[in-house]
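Following: one structure in structure tokens, then a few remarks.
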Amino acid sequence: MTSPKATLSLLTRHSELAEPHYQLKLLDSLDLTRNPHQGNFSAALVAQGWQVLVPAKLEIFQINVGKLCNMACRHCHVDAGPDRKEIMDRETIDACLQALDQTEAHTVDITGGAPELNPHFRYLVDQCVARGKHVIDRCNLTVLLLPTLSDLPEWLAERGVEVVCSLPHYRQRNTDAQRGAGTYEQSIAALKRLNQVGYGQADPERVLTLMSNPVGAFLATSQSKLEQEWKNGLLQNHGVTFDRLITLNNMPISRYLEWLEASGNLQAYMERLVNAFNPATVAGLMCRNTISVSWDGRLFDCDFNQMLDLEVQQPNGQQPHIRDFDRQQWLQRQIVTRRHCFGCTAGSGSSCGGSLA
Ligand code: SF4
Ligand code: SF4
């Protein structure tokens, strides 16, 4: 099987945008003086009584096990692809597990790249399941068709792993536009495999969640409105069922930022995000209840800050590696925010768990 390819990574193309500081500089250079709070995220928070953004209870332990992916989607915020070789090694995975044991996190959220391509993926899942954690595999669907992973749907089902699958749209044209020609057909085939092993049929041990982000420079539509439409569309056209739909805003970083700039949409999209700031989303921002670990073991407030190389700020001034995880320091940190954060607070809000308000 050949995997669909929409582009190469920014890194391979030697794009300036491969550098996180260049992305931040580009976002900061936009003139948002006519927009609320002049496009300053801290000012928007202060106006709502948040002098600083502080953590809440740590619930989700998110591990990004690498940038390697079988696809190279045009809008990828990780700049992942087959040409990226960075993956988490076993030693770092064991350090994650030791840190996990110091927290009260109930969920381990495994992401990438395509996390299933990390050779230690099954070890990590088994270790988390043995600890009684709810495990999420963020799956791009097409990876399940690789011959080496043909047993994976059953394997995940046996362990009760929730599969959160990215699918831009339930119609072919929109999905292939974002992820590459042929993606839709492969995604439907993978969904059928998951249905065959019991996923997507209201079994709490076989939860199949679909995750959609807009194909274009607009905000995600409310997930409650879309879910029934998607359920009907996939059932009628393909006989596919799933349990729930979550919708995410595209974050103005990495390859989506590149697309915004190249298509002339960057200024308008940032204005849209800033103008749509929704105070009701702030308390539930995922950076408040999540720890995000990068493939090389560094710690971040969220996956987006990870991609922008914005490491955590702890009271002791250290930017620790996961092997030095200190729960108290973690809970006393101030969350690092910049302009991209407006992507999380716009409209119904956006997070790895879907909308927030
Ligand atoms: S969006 Fe997901 S599937 Fe696409 S390249 Fe990025 S990590 Fe891979
Ligand atoms: S990008 Fe979103 S989740 Fe991350 S720090 Fe900003 S507001 Fe929080």
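Every number in this text was worked out from the coordinates using simple rules, so none of it is lab data. Every value quoted in this text rests on a predicted model; they were computed, and no experiment measured them. All Cβ positions, even for glycine, are placed from backbone atoms using ideal geometry, and neighbour counts span all protein chains on display.
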Being surrounded by fewer than 17 Cβ atoms within 10 Å (Cβ to Cβ) and part of a loop (DSSP other than H, G, I, E, B) is the filter here; which residues of region 216-240 pass it? Gly216, Phe218, Thr221, Ser222, Gly239
Among (1) within 28 Å of Glu185 (Cβ to Cβ); (2) away from ligand 2 (no atom under 16 Å from the Cβ); (3) in contact (Cβ under 8 Å) with a residue 60 or more places away in the chain, which single condition is Thr111 missing? (2)
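So that you can scan it fast, the table gives a plain yes or no per residue for (1) crowded, with 19+ Cβ neighbours inside 10 Å; (2) in a helix (DSSP H, G or I); (3) more than 15 Å from ligand 2 (Cβ to nearest atom):
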| site | (1), (2), (3) |
| --- | --- |
| Trp295 | yes, no, yes |
| Asn305 | yes, yes, no |
| Gln318 | no, no, yes |
| Gln328 | no, yes, yes |
| Val336 | no, no, no |
| Cys344 | yes, yes, no |
| Gly349 | yes, no, no |
| Ala357 | no, no, no |
Given Leu124, Leu152, Leu156, which one is buried (at least 19 other Cβ atoms within 10 Å of the Cβ) and under 19 Å from the mean Cα position of the chain (by Cα)? Leu124
If you check Ala105, Ala80, Ala114, which single one turns out to be within 21 Å of the chain's Cα centre (by Cα), surrounded by 20 or more Cβ atoms within 10 Å (Cβ to Cβ), within 20 Å of Cys287 (Cβ to Cβ) and of a type outside the set (Asp, Glu)? Ala105
Working only within region 328-352, note down all residues that are within 26 Å of Glu162 (Cβ to Cβ), more than 16 Å from ligand 1 (Cβ to nearest atom) and under 15 Å from the mean Cα position of the chain (by Cα). Cys344, Gly349, Ser351
The correct count of residues that are out of contact with any Pro (no Cβ under 6 Å at 6 or more places or on another chain), farther than 19 Å from Arg244 by Cα and within 16 Å of ligand 1 (Cβ to nearest atom) in region 112-141 is 7
Ser187 vs. criteria more than 21 Å from the chain's Cα centre (by Cα) and polar (S, T, N, Q): no
